[in-house]
């Protein structure tokens, strides 16, 4: 099941109604259109969990899914503004102060769309509380990421749980609480495992990419980067010198062509890949044991696998 078109339409309508200033509205709509090039994963998870726990698909639930996507869009924008390593989105092509203002607008629009929905007040309040609580977890996780002082696998997994995984938990639990009025602990468990797997997958890709997106050359402490540095031998001291800031990119330029070969010979990528698969299979195992109807379990497994 993919409700991305319906979610996108609701988010577009929310922007048109909520953003009164013409420039703000137009640039926000451009950001939404860019986001809608990809499937609305978080909003889809919200609607799927709403349906799983006996909620009936209707315009109000789609509006809440759009509210979730508005928040995700805001956080994506802020993340790109902080990292400054992605020139593709429209928010990277305008003044940063304007982009930040639009992102703040999406944060408030998310709350507005949720609270304006026609759900029962107690369930709506519980959903809003979830939205805020998990957003605070995400801000904490992002702070840890920005400080870039992680030194162990345990610290890194904790950062993921407080960042990307917390948003998956939020998307699933908002749909659940609106449908049945309670939070399902198992929902947090598989959402967290999925978040760990997804982040490690990104980390692997971001260590094998070009210099602009490569986590090593950006001196970003991810699990595979930490593993790579831990294996550095005496004749590879340049890696530690560069990553710790004792040498510049110009100082180690002659070593750059050999980096990919060194990476392929290391155990960093294989270990991170195994850790990623362990988290992903644990996620699937939890879902297999859920007490939900078989058709929903099948759809959930398909959604988590895509």
Once both label points are put 7 Å beyond Cα along the C-beta direction, the residue 256-residue 101 separation in nm becomes 3.7
If each part is reduced to its alpha-carbon centroid, the range 37-86 and the range 152-224 end up apart, in Å, by 15
The whole-number value in µm²/s of the Stokes-Einstein translational diffusion coefficient for the range 106-219, with Rh from the Kirkwood sum over alpha carbon pairs at 4 °C and 1.567 mPa s, is 83
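Work out the P(r) tail for the range 36-102: percent of alpha carbon pairs separated by more than 20 Å, whole number.
Every Cα pair in the range 36-102 considered, those over 20 Å come to 40 percent.
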For the pair residue 189 and residue 248, the simple spin-label estimate (label points 7 Å beyond Cα toward Cβ) gives in nm 5.3
The relative contact order of the chain, taking Cα pairs under 8 Å that sit 6 or more residues apart, comes to a percentage of 17
Per GNM of the chain with C-alpha springs under 10 angstrom, the most fluctuating residue out of 148, 289, 214 is 289
Residue separation between residue 237 and residue 306 times 0.36 nm, minus their alpha-carbon distance, gives in nm 20.8 nm
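Counting pairwise Cα distances across the range 66-122, what percent come out greater than 15 angstrom? Please list the in-between numbers first.
Values: 794 of 1596 pairs.
Counting pairs separated by more than 15 Å, the tail of P(r) holds 50 percent.
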In nm, the gap between the two label points placed 7 Å beyond Cα toward Cβ at residue 293 and residue 278 is 3.7
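May I ask you to work out the translational diffusion coefficient for the range 213-290 at 4 °C, viscosity 1.567 mPa s, via Stokes-Einstein with Rh from the Kirkwood sum over Cα pairs, reported in whole µm²/s?
For these conditions, the coefficient is 92 µm²/s.
Per-residue ellipticity at 222 nm for the chain, helices alone: DSSP H runs ≥ 4 residues times -39500 (n - 2.57), over residue total, nearest 500 deg cm²/dmol?
Numbers: 14 runs with 221 residues, N = 306.
That comes out to -24000 deg cm²/dmol.
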Looks like the range 39-179, by Cα gyration tensor root eigenvalues a ≥ b ≥ c and the a/c under 1.5 rounded cutoff (else prolate when a/b is bigger than b/c, oblate otherwise), is oblate
Mean projected area, convex hull of alpha-carbon positions in the chain, reported to one decimal in nm², is 16.1
If one builds a Gaussian network model of the chain from Cα atoms under 10 Å apart, the most fluctuating residue listed among 145, 83, 235 is 235
Shape descriptors of the range 10-73 over alpha-carbon atoms, Rg and Dmax in angstrom, are 12.7, 41
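Each reported figure results from applying straightforward, stated rules to the coordinates on display, with no laboratory input. Computed from a predicted model, the values in this text were never measured in an experiment. Reconstructed Cβ throughout: ideal geometry from the backbone, glycine too, with neighbour counts over all protein chains shown.
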